[in-house]
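Read through the structure below, which is laid out as C-alpha cells, and then see the notes.
The values are calculated or read from the model by the stated rules, or taken from the named source; none is laboratory data. As the structure is a prediction and not an experimental result, all values here were calculated from the model. Glycine gets a Cβ as well: all are built from the backbone with ideal geometry, and neighbour counts include every protein chain shown.
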Amino acid sequence: MIEYISMFMKFNLEIQKETKNILDKALDNPLSVEDANYLMNVQGQDFFALLATADKVREELVGNRVTFINNCNINFTNICKVRCGFCAFGKDSTDSEAYILNDEQIVAKGQNAVENGAHEFTLMGGVLPEADIDYYEHLLRLLKDHFPNQLIHGFSPTMVYDAAKVSEMDIKDAFIALKKAGLDSLPGTAAEILTDRSRKIICPDKVTTQQWVDVVETAHKVGIPGSATMMYGHVETMEERVETMDILRTVQHDTQGFTEFIPMTFMQEYSPIFLEGQQNLGATGTEDLKLYAVGRLMYRDLIPNIQVSWVKMGFRFAQVSLMSGANDLGGTLGGDELSAASGAPDGVDTSIDNLSRIVKNLGRTPMERNTKYTEFYPIASK
C-alpha cells in the first residue's frame, strides 16, 4: 500500500513531507490524535492526498458497497425542556405549534412506512418534562405490537437519562426495561461535541460529556448497540472535533457497540444562536470532507461504517463525500421534522431508487441494509 502514496510523488504533486509521512503510516495504522489534528488543517494538494488516502483505506477495509436503509422517522413530539442553541425544532408546551402525537397517529405513521418497505422506525422527539421510562416503554410496545418485525432505533442518551431520573431508576435498569419493550438500538444523538466547554454554550441543559459516555456504554453493555454521532460547525474548535472522535474511539474500544459514525454538519440558518447574532457558524465544504477522511483514518474498521448525512448536505455534496472515506448514505427518512426545521437543502424524504442512482453514478454498488448492518438486501436492477 505504500506504493499508493508514491503515486502522488510520481505526478509531482507538491505534498508536504509531514503530510506524506502521516498518510503513509495511515494506510496501515489508525491516526494518532496529533496526526489527526494536523490533517484537519491541510490545504491544497495535501487536502486531495488526504481524501484519496481515506478513500483507498475505505476500499481496502469495507469494499465498494454503499449501504442505506429504508426507514421512517417518527418524531412523536416537538415539546422540549432542553432548548439547545443549535435546534430550531423544539417548542415550549404553550407554543401554538407544539404537538404530541397520540397512539393512533404514531401507528398510522408506522403503517405508511411499512407499506413503503421500511425496515426501521427511528423513534425520536423532544425531551418532555414529564416523560418517564414507562412512557417510552409504552411507545415501544405500541409499535412492536403492530409491527413486530420492524427494528426500532429510538430515543437519545439525554432522553433516557432524564426519563430514568423521573422514574427514579438506575440507567442500567432503564435500558433493560426499554430493551425488553422493544428498543433495538440507540441513536448517538445528544453527543454534539463531547467537550464540556462547547456543551456549556450550545446545550447546557443536556447530559455532560461524561454522562453521555456513561449512558452509551451502559446501553452497549446491556446489548443495545447504536450510532456514534457528532454535530460540528458551531462553537467548537478544530481540536475539539478530533477530541470528540477520540472519545468515541475509546468507547468503541471498550464496548464494540457503535455500528456507525455519523458526522452531522451544523445547519445554522434557523438556529437560535444564529438568529441571536452569533457569527462564523457552519463548516466549510473542505472541513466536511476532511472530517470524513480523518474519521476513516482514525477508526479504520473499528467503526467500519461512516455515514454521510444527505439530509444535512444535500444529495450532490453527499455523493462527493462518499469519495472521502464514507460508505453509507443513511436512510430514506420518510420525513424528518428536526432537519426540516433547520432548513434541509434537499428535503427530508427520498427513495431507494434515488439513493441507488447516486451510488451507481460513482461506480459503486448500492445495497439496502437493516439497522444493525447484520442483514443486507440487494437492489433490483431497473
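Among all residues of the stretch 287-300, there is none that is among the β-branched types (Val, Ile, Thr), surrounded by 24 or more Cβ atoms within 10 Å (Cβ to Cβ), at pLDDT 95 or above and more than 22 Å from residue 48 (Cα to Cα). Among what's in the stretch 98-131 and is modelled with pLDDT of 95 or more and in contact with a Lys or Arg (Cβ under 9 Å, 6 or more places away or on another chain), pick the residue that is surrounded by the fewest Cβ atoms within 10 Å (Cβ to Cβ). So the residue we want is 101. Test each condition in (1) surrounded by 15 or more Cβ atoms within 10 Å (Cβ to Cβ); (2) at pLDDT 90 or above for residue 88 and report the one that comes out false. Unmet condition: (2).
Scanning the stretch 324-353 for residues that are exposed (fewer than 15 other Cβ atoms within 10 Å of the Cβ) and modelled with pLDDT of 85 or more yields 351, 353.
The residues listed here are 223, 188; of these, the one that is within 21 Å of the chain's Cα centre (by Cα) and either in a helix (DSSP H, G or I) or at positive phi (or both) is 223. Within the stretch 299-311, the set of residues being of a type outside the set (Phe, Trp, Tyr) and either assigned to a helix (DSSP H, G or I) or within 11 Å of the chain's Cα centre (by Cα) (or both) comprises 305, 306, 307, 308, 309, 311.
Annotation note: of 23, 31, the sole residue that is modelled with pLDDT of 95 or more, surrounded by 14 or more Cβ atoms within 10 Å (Cβ to Cβ) and either within 24 Å of the chain's Cα centre (by Cα) or of a type in the set (Lys, Arg) (or both) is 31. Of the residues making up the stretch 312-330, those that are touching a residue at least 40 places away in the same chain (Cβ under 8 Å) and either in a helix (DSSP H, G or I) or not hydrophobic (A, V, I, L, M, F, W, C) (or both) are 312, 313, 315, 318, 319, 324, 325, 327, 328, 330.
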